Structure formats: C-alpha cells, structure tokens
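> Pasting a structure here, questions to come.
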Amino acid sequence: MIRTTLTCLALAAAMSSAAFAETFEVRMLNKGQNGDRMVFEPPFLRAAAGDTVKFLASDKGHNAETVKGMIPDDATAFAGKINEEIEVTFGTEGVYGVMCKPHYAMGMVMTIAVGDVTAPGDFLDGRIPPKAKERLAAQLARF
C-alpha cells in the first residue's frame, strides 16, 4: 500500500513539472520586423530548465544549431537540418549561443539563457564573425 502511494506521488510530481514547462517558438527569417536581414525572432530568450524551443522554418535556407564553445559544459549540442523545424528541450541551465550555419557570417545568431544565469565572461571569446559578434553582444546586454 505504501509502495503504491509513493509510486503515485512520484508520477504526479513528474507529470506536474512537465505541465509547467513552456514551449517557445522562434522564427528563422530572411528579414525581421525591424528590417534586419537573416535573423531569429526573437533574438533572445530567457527560459527555465525543462522548457522547449521550437525553431520554425519560416523562410527557406535556414537551420538552428549551437555555436561550438557557446553552451554550458554539461549540455548537449544540437544541429537542425536546413529548411526543417527542430524542437529542443533545454535541461541544463546556462547560456546557449545558437546560429544558422549558412548565415552565421551574416550575423544570424540568437542567445538563450536557461535559468537565472548570466553569460560567462569568455562567452564572446574565440573566432566569431564580426556581424555575429555584434549581434550576440547586443543580445547579452539584455541580461
């Protein structure tokens, strides 16, 4: 009897945490609302661990994938295919840099902050195309 009760409580707890998780939609666009070319909209998200981001292939020729070296140490990288939607559930707190691989040099990047975190001091270190670095810096200013 006690075992059955404990099992039911564990299942209820697991289901209730999933019920509170959010799903965010991010559009991959050739031109954004403000006129910028090659953008993710929105360019910055703050999510909680367990939340999901659905990258929508709103315009052709785009994908969403993590930028090498711009994810938490124990997080899993992801890479969507061009012209296809991808859903990613973020289980590890930290800051994630996301790019469209074909348009990375044109600055098609976004930042996702999972949890109550700030970007590491070395987040913008490394080889980042100038336009991408400019947009990432603007996104980080939103913390």
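Derivation of every value follows stated rules applied to the coordinates shown; laboratory data play no part. None of the values given here were measured: they were computed from a predicted structure. Using ideal geometry, Cβ is built from the backbone for each residue, glycine included, and neighbour counts are taken over all protein chains shown.
> What are the residues whose amide H is under 5 Å from the amide H of V26, where those residues sit 5 or more places off or on another chain and H is modelled from the backbone?
K54, F55, L56
> What residue among F78, F44, F90 shows peak mean-square fluctuation when the chain is described by a Gaussian network model with Cα springs under 10 Å?
Among F78, F44, F90, the largest GNM mean-square fluctuation belongs to F78.
> By how many degrees, 0 to 90 and rounded to 10, does the Cα axis of helix 130-140 deviate from the longest principal axis of the chain?
Once rounded, the angle reads 40 degrees.
> Oh, and also: Hey, rough spin-label estimate for R127 and E84, points 7 angstrom out along Cα→Cβ, what's it come to in nanometres?
Distance between the two pseudo-spin positions: 2.7 nm.
> So I have [x] 0.96; [y] 1.04; [z] 1.07, and one of them is Rg/Rh (Cα atoms, Kirkwood Rh) calculated from this model. Which one is it?
Only one option fits the structure, namely [z].
> Less than 14 Å Cβ to Cβ from N34, Lys/Arg counted +1 and Asp/Glu -1: what total charge do the surrounding residues give?
On the way: positive: R27, K31, R37, R135; negative: D36, E41.
Combined, the nearby Lys, Arg, Asp and Glu give +2.
> Turning to a different aspect of this structure: Could you calculate the contour length gain from A137 to R46, that is, 0.36 nm times the residue separation minus the distance between their Cα atoms, to one decimal place in nm? The partial results should precede the final answer.
Details: separation 91, 0.36 × 91 = 32.76 nm, distance 1.57 nm.
The span from A137 to R46 would gain 31.2 nm if fully extended.
> Moving on to the next point. On a 0 to 90° scale, report how tilted helix 2-20 is relative to the longest principal axis of the chain, with both axes built from alpha carbons and the result rounded to the nearest 10.
The two axes meet at around 20 degrees.
> A further question follows. So, in the stretch 21-143, how many Lys pairs have Cα atoms under 14 Å apart, if the pair is 8 or more places apart or on different chains?
Values: K31/K60; K54/K81; K60/K81; K60/K101; K68/K101; K68/K133; K81/K101; K101/K131.
So the count of such lysine pairs works out to 8.
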